[in-house]
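The values are calculated or read from the model by the stated rules, or taken from the named source; none is laboratory data. No experiment lies behind these values; they were computed from the predicted model shown. Neighbour counts run over all protein chains shown; Cβ positions are idealised from the backbone, glycine included. The accessibility values were calculated without ligands, DNA or RNA, using every heavy atom of the protein model including side chains. Shrake-Rupley method; radii C 1.70, N 1.55, O 1.52, S 1.80 Å.
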Amino acid sequence: MRSWVRRSLWDVVPRDHRQSDAGLRRRQLVTIGFVVLGALVLGVSLRIEPGSVWFYPAAFALAGVWAVGAFASGPLHLGRIGAWRRQEGEERRRLVRPVLPPILLGLGLAGVFVIGGLVVREIPWLDRQVRSVLDFADEGSLPILVVVTAVNGVAEELFFRGAVYAALPRHPVAWTSVAYVIATLATGNVMLAFAAILLGVVVGLERRASGGVLAPILTHCAWSLSMLLALPLLFG
């Protein structure tokens, strides 16, 4: 386990994703504009009353903002991580698309949040913060919420760990985490912002190690879908 965690989060694989100065400046301008736009849409979407017919269009609109911003900024990459296989009696390293390790990391992170939820529900102010988000799950259709959650998870990672990460020449893990938290703070919900800190660091490390967005996408979706299903049971 220690080995695949290290390969997923720490061991940086070789790649050549160099950008021209003009391409970098363009990406930076595009990402700044879409960070502001996305924060505004996010704030509006989570201020819609639970059960409102406008919640789903707003959620998909937010995903559209992140996805359009990501692809408009420049090239994106899926990424690879190192793996070992035995060939001709020897262990040889090869690069593969990250699939199972990111999913397991997402599920593990969800487990940490569930344990933390046992503490949070005993603190009235924090408990109300979580329940204000869960009101949307209580009032909405679960199948549609699953789709919304997955689509937004993919779109957020395309943008923050794709476009924004590539726009930052220095300390991209830290700065993408900060940008993600700032965008999430538009909801006015402290617990969502706290979750964004932890999730942002983990998927940022995955982005640095793999050089692409596939691992962050899978971790984010595994975590967010687990939270969607687990938290209503915990706070019901």
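Rolling a 1.4 Å probe across the protein heavy atoms gives the chain an accessible surface of 52 Å² per residue. Would you work out which of 173, 134, 61 lies farthest towards the positive end of the dipole of the chain? Charges go on Cβ: Lys and Arg +1, Asp and Glu -1. Among 173, 134, 61, the one farthest towards the positive end of the dipole of the chain is 173.
Computed per residue of the chain from DSSP H runs no shorter than four, each worth -39500 (n - 2.57), the mean residue ellipticity at 222 nm is -23000 deg cm²/dmol.
Placing R0 at 30 angstrom, the Cβ-Cβ distance between residue 185 and residue 123 gives a FRET efficiency of 0.90 after rounding to 0.05.
Using a probe radius of 1.4 angstrom, the carbon and sulfur fraction of the accessible surface of the stretch 195-236 is 83%. Using the Cβ-Cβ distance between residue 107 and residue 147 with R0 set to 22 Å, the FRET efficiency works out to roughly 0.65. Taking the Cα centre of the stretch 1-76 as reference, the dipole from Cβ charges on Lys and Arg (+1) and Asp and Glu (-1) amounts to some 320 debye. Working ranking of peptides 170-177, 194-201 by packing, defined as the average number of other Cβ atoms within 10 Å per residue, highest first, is 194-201, 170-177. In plain terms, the chain from residue 53 to residue 83 could stretch by 6.2 nm, reckoned as 0.36 nm per residue minus the Cα-Cα distance. What you get for the chain, charging only the Cβ of Lys and Arg (+1) and of Asp and Glu (-1), is a dipole of about 1020 debye around the Cα centre.
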